[in-house]
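Working notes for the structure below.
The values are calculated or read from the model by the stated rules, or taken from the named source; none is laboratory data. Computed from a prediction, not measured in an experiment: that's the story for all the values here. Cβ coordinates were reconstructed from backbone atoms using ideal geometry, including for glycine residues, and neighbour counts include every protein chain displayed. We work out accessible area using only protein heavy atoms, side chains counted, and drop any ligands, DNA or RNA first. Shrake-Rupley method; radii C 1.70, N 1.55, O 1.52, S 1.80 Å.
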Amino acid sequence: MTDYLMHLAIVIGIYATLAQGLNLLLGYTGIISVMQASLYGVGAYISALMASQAGVSFPLAFASASIGAALTGFIVGAAITRLQGDYLALVTFGLAVIFYDVFNNWLTVTKGPMGIPGIPAAFETKEAWLVFVAALAVAALLLVRRIDGSPYGRLLRAVRDDEILASVLGRSTQRTKTTVFTLSAFLAGAAGSVYAHYITFIDPTSFTAMESVSLLTMVIIGGMASPVGPILGAGFVVLVAESLRFAGLPDATAAPLRQVLFGLLIIVAMLFRPQGLMGRYRLSK
Amino acid sequence: MKLAIEQLTRRFDGIDALIDVSCTVKAGEILAIAGPNGSGKTTLLDIVTGLTEADRGDIFLGDKRLIGKRPEHIAALGVARSFQIARLFHGLTVLENLIMADATEREGLMSAVLRGEGVAEKRARERAMEHLEYLGMAAYRDTAAAKLSAGQMRRVELGRLLMQERAQLLLLDEPTASLDPEMTQIAVKVIEGLRSKGKAIVLVEHNLDVVHYIADRVMVLDQGRKMADGKPSEVFQDLEIQAIFLGGGGNSHASHR
């Protein structure tokens, strides 16, 4: 039982780190991205391939995954952040589909739907994993808190409120959005690496647009533009999803039901508490 | 620094918003732009700030060409702007809105992560508070801009202009709209103060009393065409110009292009 609870805490920690990156995008900058799970996937695959095929140690694989995902985020961000609002969201959806197709069809590298098994675990005990993941989630929290109170955080919130006004006041909104996209991808890559080495198996089903919707649910439920929000949101969503396990439903029913539940949670939040549990902002008026 | 607008032309869906409009504004001068709704006043400001592209024509600030540049680059050359409907960052506090008008150097991601609040940030906060006190808004420093009344938003916009010390050209779109008479006087004082600092000022204004009082020159636009350019006392003597305002609903605060 203790093992199971520790496992849940580790999963929550991984998602909290991942959601923290999305919080910077959605909560602080107002960018709706449905490709956060794709960047998480980029980190997971980089780390898995480096460790299982090149025999690279976890610290190096972890660093490479974070930087590789950040680089991917930078390239994608620079290309798409001139778009705004709904258009940007749609493009991220298109990219999520493309990334999934690459994970699924680049057989020589990703092994496609068969996935990559036997990824070396970074730690032997659940306790060690819990300490590491907790430290990572706290580091992400402190980073976002630091940004929150800084002129850079203020700039993100300004871009979120009114891009035209920000540009008239001399800010390059595209550059701002690209930097935050990069940082957000960095956190996604770090979380992806940890996921790969914790579960020791990855396949494309963990990195779909629907997975990104789960992440959006975490940020919205937890509260946008709140450093603590993603942790609460991750905890809430993971525990709600986990509770379905005990409902005695077959897997084929439980998985889609989970997505329905996340959809309902977003609708309920939008209707009754659009700022989420801890947030300062509503998604839009 | 002198603003020179040369033969600016812009059409929207077959409608002429501006036709061959030229004008200049010197440092320390206020040019008012007057005209009925839809005469092209705001379009002119939008083109100067880079928010709208011109079909033809040119704009120079000093020896720097503004046409073809992005809004943030135009701002960096020293152009500041206020809007017809006061435009603020609604999720930011009043104080943060003013600080956003200050220099941008300390807003990098790295300085956010590595440095604490620097001297420049502290100084900007102090300056912002001085302006808020002058404008009677100090009590609202921590209030989100979304919660302000239209008149209060206008005051914050004035404060933002005061923060932009480096700006050489100010484009003010109806800065006295939504203000009560007492606050209108303060706004006029603020604008006069900015002129005395050598800023070139373009003022779109429906309140003709304000135009008469404050403007060095007035340019009248009607349906995108420049109809007059001269001292307010002379321009408004012209019967043809008077007819434009009587027929076009001048002196109102309704929306216009």
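Observations, loosely collected:
- The stretch B:116-196: C-alpha pair distances exceeding 18 Å, %: 44
- Mean projected area of the convex hull spanned by the Cα atoms of the stretch A:153-247, taken over all viewing directions: 7.6 nm².
- The Cα-based radius of gyration of chain A, divided by its Kirkwood radius, gives an Rg/Rh of 0.96.
- For a modelled paramagnetic label at A:Gln84, 7 Å from Cα along Cα-to-Cβ, the residues of the stretch A:22-60 in reach, with backbone nitrogen under 16 Å, are A:29-32.
- Helix A:58-80 and the longest principal axis of the Cα set of chain A meet at an angle near 40°.
- The aspartates and glutamates within cross-link reach of B:Lys197, meaning a Cα-to-Cα straight distance under 13 Å and a gap of 8 or more places when in the same chain, are B:Glu29, B:Glu165.
- Euclidean distance between Cα centres, the stretch A:131-167 to the stretch B:117-146, Å: 22
- Carbon + sulfur, % of accessible area of the stretch B:124-257 - ligands and nucleic acids excluded, 1.4 Å: 48
- In order through the stretch A:217-232: 3J(HN,Hα) via Karplus (6.51 cos²θ - 1.76 cosθ + 1.60), integer Hz, x for Gly, Pro: 4, 4, 5, 5, 5, x, x, 6, 6, 10, x, 7, x, x, 5, 4
- Based on the Kirkwood approach, the hydrodynamic radius assigned to chain B is 18.9 Å, with every pair of different Cα atoms included.
- √(5λ) per eigenvalue of the Cα gyration tensor, the protein assembly as shown, largest first, Å: 54, 23, 21
- Close amide H partners of B:Arg166, meaning residues 5 or more places away or on another chain with modelled amide H under 5 Å apart, do not exist here.
- Shown in residue order for the stretch B:21-28 are the 3J(HN,Hα) couplings computed by the Karplus curve 6.51 cos²θ - 1.76 cosθ + 1.60 at θ = phi - 60°: 8, 10, 6, 9, 9, 8, 4, x Hz (x for Gly and Pro).
- With a cut-off of 11 Å between beta carbons, the residues surrounding B:Arg56 carry a summed charge of -3, where Lys and Arg count +1 and Asp and Glu -1.
- In order through the stretch A:102-119: 3J(HN,Hα) via Karplus (6.51 cos²θ - 1.76 cosθ + 1.60), integer Hz, x for Gly, Pro: 5, 4, 7, 10, 7, 4, 5, 9, 8, 6, x, x, 5, x, 10, x, x, 6
- Summing charges over all other residues whose Cβ lies under 15 Å from the Cβ of A:Val109, with Lys and Arg as +1 and Asp and Glu as -1, gives -1.
- Cα-based helix-to-principal-axis angle, A:2-22 vs chain A, degrees rounded to 10: 30
- Between amide H atoms placed 1.01 Å from N, distances below 5 Å from B:Asp222 occur with B:Met227, all of them 5 or more places distant or on a separate chain.
- Near the amide H of B:Arg56, within less than 5 Å, lie the amide hydrogens of B:Thr9, all on another chain or at least 5 residues away, with H placed in the peptide plane.
- Point-to-point label distance, B:Leu114-B:Thr24, nm (Cα→Cβ direction, 7 Å offset): 4.7
- For the protein assembly as shown, the mean residue ellipticity at 222 nm estimated from helices alone is -17500 deg cm²/dmol, where every DSSP H run of n ≥ 4 contributes -39500 (n - 2.57) and the total is divided by all residues, rounded to the nearest 500.
- Helix A:251-272 axis, angle to chain A major axis (alpha carbon atoms, nearest 10°): 20
- Those aspartates and glutamates that a straight Cα-Cα span of less than 13 Å connects to A:Lys111, excepting residues fewer than 8 apart in one chain: A:Asp101, A:Asp203
- Set B:Lys147/B:Lys189; B:Lys69/B:Lys199; A:Lys177/B:Lys64; B:Lys26/B:Lys69; B:Lys41/B:Lys226 screened for pairs whose C-alpha atoms are more than 19 Å apart: B:Lys147/B:Lys189; B:Lys69/B:Lys199; A:Lys177/B:Lys64; B:Lys26/B:Lys69
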